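Read through the structure below, which is laid out as structure tokens, and then see the notes.
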Amino acid sequence: MFKNIIDNFENYICRILLVAFTSILFMQIIAREIFDHSISWSEESAVYLFVWFVFFGASRAIRIEAHNRIDFQYKYLPKKVVAIFKILAELSWLLFNLYFFYLCYDFVFNKMNLYWKSQTLGIPMKMIYMIMPIAFLLMTLRHIQINLKKIIQRCTTSSCIKNNQAKEMI
């Protein structure tokens with residue numbers, strides 16, 4: 001049960017955010033078209049929820065390996081070179097996520113003014129921007145999780161490790 005929640009954490013959050021921002025936008029449309037009244041906070045909150053949805057979705061895409069990759073050039077290279085390039089690509093992506101986590105963390109916790117507030121909602125912008133370090137940390141953790149899983153699968157299928165504990169970890 002706990003493993004299922006951890007494995008699908010971003011999926012659950014994305015579902016909640018999707019329902020929330022589409023419901024808010026639907027209410028806004030109904031209010032404008034039928035009641036000739038505008039809900040002042042709806043558009044701003046829908047935008048913020050959508051941004052959070054996108055960042056959690058990026059982490060989910062790493063979890064299910066749905067990010068696009070360009071790999072046609074590997075057809076023309078020897079397998080050892082392809083393996084090296086794939087490792088370098090994964091390490092580059094991991095370092096990119098770690099670096100952006102650092103930048104986002106520094107921005108949100110050290111450079112943002114505590115008194116900056118959103119225009120309509122009046123929420124501190126620090127709360128809105130908090131998604132950036134959270135998302136890059138989640139993406140980093142998911143990236144490590146997926147690559148460890150690949151390594152363990154390779155080792156168990158190529159008989160690097162022949163005990164049942166490694167197979168149970170997969």
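The values are calculated or read from the model by the stated rules, or taken from the named source; none is laboratory data. This one's a predicted model, so the numbers in the text were calculated from it and none came from an experiment. Quick reminder, even Gly has a Cβ in these numbers, built from the backbone with ideal geometry, and neighbours come from all protein chains shown. Side chains included, ligands, DNA and RNA excluded: accessible areas come from the protein's heavy atoms. Shrake-Rupley method; radii C 1.70, N 1.55, O 1.52, S 1.80 Å.
Remarks
- Evaluating Glu10 against the criteria (1) under 21 Å from the mean Cα position of the chain (by Cα); (2) charged (D, E, K, R); (3) over 28 Å from Met127 (Cα atoms); (4) in a helix (DSSP H, G or I) leaves one unmet condition, (3).
- In the stretch 44-76, the residues that are under 18 Å from Ile128 (Cβ atoms), in contact (Cβ under 8 Å) with a residue 40 or more places away in the chain and out of contact with any Asp or Glu (no Cβ under 6 Å at 6 or more places or on another chain): Glu44, Ser45, Tyr48, Val51, Trp52, Phe55, Gly57, Ala58
- Residue within the stretch 101-118 that is of a type in the set (Gly, Ala, Ser) and closer than 30 Å to Ile146 by Cβ present: no
- Within the option set Ile30, Ile39, being open to solvent by less than 60 Å² (accessible area, probe 1.4 Å) and assigned to a loop (DSSP other than H, G, I, E, B) holds for one residue only, Ile39.
- Wholly within the stretch 49-159, helices (runs of 4 or more DSSP H) carrying at least 1 residues that are more than 30 Å from Ser23 (Cβ to Cβ) and open to solvent by less than 60 Å² (accessible area, probe 1.4 Å): 79-106, 131-157
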